[in-house]
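Below: one structure, written as structure tokens.
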Amino acid sequence: MTKTVVQTTQLTRRYGKTTVVQNVNLNIKQGEIYGFLGPNGAGKTTTIRMLLGLIRPSEGEIQLFGKDLHKERKSILKRVGSLVESPSYYGHLTGKENLEVARRILGVPSKRVDEVLEMVRLTQAAHKKVKQYSLGMKQRLGIATALLGKPELLILDEPTNGLDPSGIQEMREFIKELPREHGMSVLVSSHLLSEIEQMATQVGIIRNGKMIFQGSITSLQEQSRPRMRFGVGDANVAAQLLASEGLSVSVEEDGIWTESLSQQETAHIVEHLVTHRFSVYRVEEVKQSLEEIFLGLTEEGETP
Amino acid sequence: MRDFFVLLCAEWKKLQKGLILSLLLIGPILSTLVGLTSLSMDIPADMPKWIFVYQMTMNNYAWLFYPIMTGVFAALICRNEHTQGAWKLLFTWPISRSSVWLSKATILMILTALSQLLFLGMYYLLAITQGFAENIEATVVWRSAFSGWIAVLPVVALQLWVSHLWKSFGVPLVINILLSIPNIFTAQSEQFSPWYPWSQPYSAMIPEPTESGILSIEPMTLWVVIFGGFLLAFGGGWLHTTRRDWT
Ligand SMILES: Nc1ncnc2c1ncn2[C@@H]1O[C@H](COP(=O)(O)OP(=O)(O)O)[C@@H](O)[C@H]1O
Ligand SMILES: [Mg+2]
């Protein structure tokens with residue numbers, strides 16, 4: 001049985017009267033890349049800050065590695081590496097000095113500094129002051145710092161923000177390798193489905209502070225019920241006929257659309273149309289793309 | 001405990017040493033120049049030359065440079081965390097939040113102690129070059145410097161707290177300068193000065209030639225204003241740092 005690495009129970013956070021994160025039950029299993037997906041302002045960063053003990057939940061519980069974060073903060077944080085929003089660093093120190101400061105605090109051997117520099121390909125720039133780094137390099141230094149303590153869980157909040165396309169690609173490949181090569185579990189947040197789709201094994205979708213979907217990418221696809229399209233001559237009149245039968249239909253340029261139907265229902269509609277002398281020249285089931293599902297989920301009932 | 005020492009080393013590594021050293025030197029150097037010009041004044045007949053010069057050197061340093069530099073250092077040692085978002089780095093490491101506060105407070109205390117040493121050093125340098133060094137009663141000037149350090153501790157704690165609170169570098173500085181300015185008036189005022197934290201370094205550093213123990217501070221002022229004030233500001237800052245949201 002795979003172990004649960006992160007488990008939150010009814011996690012809630014309020015700022016004044018506004019509830020920013022509401023009853024979130026996050027469940028991340030060992031060895032997974034968990035994509036935490038949601039539009040800007042959905043509550044991703046707030047949730048992540050709570051997972052790291054930076055801010056306190058208003059309600060609910062957080063368990064990491066099966067232990068209560070509030071009670072065993074220190075021993076838990078030893079096993080976690082993180083990069084929250086923009087990378088943090090000391091600009092007047094070199095990349096290597098930055099890692100050296102972190103290394104001492106974490107109490108890991110000094111050769112680990114060179115290892116992580118190598119991993120994020122910063123060996124060349126190790127002795128440059130970080131304020132001279134490009135954003136991509138700062139981001140990589142942030143990742144290196146997060147990896148320093150050989151964490152079992154890596155938490156990355158929008159790690160590709162502000163990177164150019166090749167940097168994004170590189171970051172994605174890098175993250176994908178982590179569970180395989182280092183046995184880590186990864187929580188990575190993003191507001192872009194395309195990004196999560198390409199690296200995550202599991203997804204959690206958050207909107208307006210509420211978790212609206214959690215599961216594997218394939219089960220997300222199954223979430224979408226396919227729609228049916230009927231190619232019919234004289235669509236407007238045909239639609240009126242079907243509507244008078246109590247079916248919910250809509251007329252679009254390319255035909256009449258209905259929600260997904262069973263085989264009998266489909267047969268019934270076709271028969272009905274044909275007996276009323278409409279020409280039916282196409283019947284097809286149309287699946288939504290992941291993007292459409294995501295947009296559907298996040299836009300549905302926009303007012304909370 | 002391990003957290004504290006490791007953090008202390010980290011804080012030390014993070015200090016911008018060149019900048020800190022030049023800032024540390026400004027006050028003592030300018031004050032010593034004032035001391036140098038005082039040599040051409042009429043020295044009161046009942047006052048030894050070394051005391052007179054010490055008094056003149058100490059004057060501007062104690063009410064102006066010392067408390068203001070304390071605020072500058074407090075803002076400086078929190079500046080990196082504020083500007084590069086490194087608070088969240090500090091607080092997601094497996095270390096206790098208390099040790100973060102404690103290590104920063106300790107660094108600030110070390111810097112204020114260094115300032116006192118540099119001040120004394122500059123005074124001795126002046127005395128040696130002007131040929132009155134052998135007259136100096138070491139206990140008097142060392143006691144003055146030590147008392148000044150103790151007396152600045154409430155300001156240390158308060159400024160550190162203020163620097164944790166405000167993201168901007170300027171705000172704690174302006175607060176500190178504004179609070180230092182009343183020193184011009186309170187230092188003269190018998191009723192007010194024993195109670196005003198920013199005037200404590202000055203009062204404490206007035207050289208007292210008598211045998212008055214290791215500190216030249218009124219016990220009442222020492223315990224209530226300095227010790228009490230320090231406990232309040234240190235405790236308040238600690239509670240706040242360990243409880244608040246860090247983003
Ligand atoms: N310190 C704060 N005070 C008040 N509101 C906040 C604070 N931090 C975040 N919020 C609000 O919480 C919501 C969620 O923010 P955030 O967690 O940063 O979203 P995301 O990371 O998904 O973009 C936003 O509407 C934001 O305005
Ligand atoms: Mg965010």
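No value in this document is a laboratory result; all are computed from the given coordinates. Quick caveat: nothing in here was measured; it's all calculated off a predicted structure. Positions of Cβ are backbone-derived with ideal geometry, glycine not excepted, and every protein chain shown enters the neighbour counts.
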Fully extended, how many nm does the chain gain between A:ASN236 and A:LYS131 (0.36 nm per residue separation, minus their Cα-Cα distance)? 31.4 nm
Give me the orientation-averaged projected area of the Cα convex hull of the range A:157-294, in nm², one decimal. 11.9
How much net charge surrounds B:VAL162 when only the other residues with a Cβ under 15 Å from the Cβ of B:VAL162 are counted, with Lys and Arg +1 and Asp and Glu -1? +3
At 7 Å along Cα-to-Cβ for each site, give me the label-to-label distance between A:GLU181 and A:LYS3 in nm. 2.3
So for chain A, using the alpha carbon gyration tensor with a ≥ b ≥ c as root eigenvalues (a/c under 1.5 gives rounded; past that, a/b versus b/c decides prolate or oblate), I'd call it prolate
Towards the positive end of the charge dipole of the range A:1-150, with charges on Cβ (+1 Lys, Arg; -1 Asp, Glu), say which of A:THR19, A:HIS70, A:SER88 has the farthest Cα. A:SER88
GNM result for chain B, Cα springs below 10 Å: residue of B:SER163, B:SER144, B:SER38 fluctuating most strongly: B:SER38
Measure nothing fancy, just the Cα-based angle from helix A:135-147's long axis to the longest principal axis of chain A, in degrees from 0 to 90, nearest 10. 70
Coordinate range along principal axes, alpha carbons of chain B, Å, largest first: 63, 38, 32
Please arrange A:SER279, A:SER82, B:SER96, B:SER40 by how many other C-beta atoms lie within 10 Å of their C-beta, fewest to most. B:SER40, A:SER279, B:SER96, A:SER82
Per the Cα gyration tensor, the range A:1-136 corresponds to an equivalent ellipsoid with semi-axes, largest first in Å, of 31, 19, 14
Among B:LEU117, A:LEU147, what is the fewest-to-most ranking by other Cβ atoms within 10 Å? B:LEU117, A:LEU147
Cβ charges +1 (Lys, Arg) and -1 (Asp, Glu), total dipole of the range A:95-145, debye: 160
11 Å beta-carbon shell around A:GLN202, net charge (K/R +1, D/E -1): 0
Looking at the square roots a ≥ b ≥ c of the eigenvalues of the Cα gyration tensor of the range A:225-286, which shape do they give, rounded for a/c under 1.5, prolate if a/b is larger than b/c, or oblate? rounded
Membrane-span-like helices (DSSP H runs, Cα span along own axis at least 30 Å, mean Kyte-Doolittle at least 0.0) in chain B -> B:17-38, B:97-130, B:138-165
Before rounding to the nearest 500, sum -39500 (n - 2.57) across all DSSP H runs of length at least 4 in the protein assembly as shown and divide by the residue total; then give [θ] at 222 nm in deg cm²/dmol. -16000 deg cm²/dmol
Take the alpha-carbon centre of the range A:149-164, take the same for the range A:185-218, and report the distance between them in whole Å. 14
Could you compute the net charge surrounding B:LEU76? Neighbours are other residues with a C-beta less than 15 Å from the C-beta of B:LEU76; K and R count +1, D and E count -1. +4
In a Gaussian network model of chain A with springs linking alpha carbons closer than 10 Å, the residue among A:GLN139, A:GLN263, A:GLN202 that fluctuates most is A:GLN263
Along Cα→Cβ, 7 Å out, is where each label goes; now give me the distance between the ones at B:PHE192 and B:THR83 in nm to one decimal. 3.6
Over all directions, what mean area does the Cα convex hull of the protein assembly as shown project, stated in square nanometres? 35.1
Would you compute, for the Cα atoms of the range A:95-145, the largest minus smallest coordinate along each principal axis and list the three values in descending order, in whole Å? 28, 18, 17
